[in-house]
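Have a look at the structure below, then the notes.
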Amino acid sequence: MSPPRDPRLDIAFERLADIHAQVARSSHFRGYRAIPVACLGAMALLAAALEPFVVPEASAKVHAGYWLTVAAIGASVGALDLFLRRRSLSGPGTWSAVAQLVPALLCGLVMGFVLQERAELLPGIWTTLFGLGVLASRPYLPSAIHGVALFYVAAGLAMTVASREGAVVSPWAMGLTFGIGQFVSAAALRRTAPSHRDTEEETE
């Protein structure tokens with residue numbers, strides 16, 4: 001017969017599990033919020049719907065410039081939201097997620113200058129780089145967003161290949177990609193958002 005199990009071990013394991021759960025919660029980046037992320041998805045869909053009216057019969061350069069403007073507006077909104085809440089953001093993973101995303105965004109900006117003569121490739125390349133940036137942030141984000149990042153990469157590569165082969169990429173390629181991606185990300189952020197009780201426990 002095996003010796004009886006010491007109940008103190010069960011208590012110790014339970015405490016370790018609680019500590020692990022609390023560390024996991026604190027390491028997740030809480031700068032991204034569900035509502036602003038969902039608004040960015042709605043912005044992408046609206047931009048796709050408005051492009052034929054704003055820039056009818058747009059060339060490849062105009063199409064790329066249009067979506068660069070949309071991306072800049074979206075990034076500015078996100079940056080403003082982070083700036084206004086900077087004092088309430090803390091924890092080891094708080095700014096690490098942003099730091100992982102920034103290189104991909106900077107590479108996309110550089111590609112905009114390098115590929116001015118092949119502007120039709122830019123929307124797909126930008127989408128791919130954005131997906132890679134989100135993948136780099138995966139240790140600090142909910143696991144569901146990892147699939148969204150792969151979706152961005154796949155959609156971006158598909159758009160790039162289609163543009164390279166001379167196909168006319170519809171505004172809805174960008175609009176639906178970012179609309180779906182941001183809405184799914186918002187749902188994941190909402191599901192994993194810390195409860196009020198968790199917040200109180202971490203501040204004690």
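FYI, it's all coordinate maths here, none of it is from the lab. It should be emphasised that the depicted structure is a prediction, and the values quoted were computed from it without experimental measurement. Every residue, glycine among them, receives a Cβ derived from its backbone with ideal geometry; neighbour counts consider all protein chains shown.
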| said: Only sites in a loop by DSSP and with at most 13 other Cβ atoms within 10 Å count here; which GluC sites (Glu not before Pro) in segment 41-143 make the cut? | reply: 57
| request: Would you mind ranking 152, 66 by Cβ crowding within 10 Å, fewest neighbours first? | output: 66, 152
| Using only the Cα atoms, what convex hull volume per residue in Å³ does segment 84-174 have? | 112 Å³
| request: Rounded to whole Hz and in sequence order, give me ³J(HN,Hα) for segment 32-48 from the Karplus expression 6.51 cos²θ - 1.76 cosθ + 1.60, θ = phi - 60°, writing x for Gly and Pro. | output: 7, 10, 4, 5, x, 5, 5, 5, 5, x, 5, 4, 5, 5, 5, 4, 5
| By counting other Cβ atoms within 10 Å of each Cβ, how are 192, 177, 69 ranked from fewest to most? | 69, 192, 177
| task | Quick one: work out Rg over Rh on the C-alpha atoms of segment 30-193, Rh as Kirkwood radius. | result | 0.97
| What list of ³J(HN,Hα) values in whole Hz, one per residue of segment 140-145 in order, does the Karplus curve 6.51 cos²θ - 1.76 cosθ + 1.60 (θ = phi - 60°) give from phi, with Gly and Pro shown as x? | 10, 10, x, 4, 4, 6
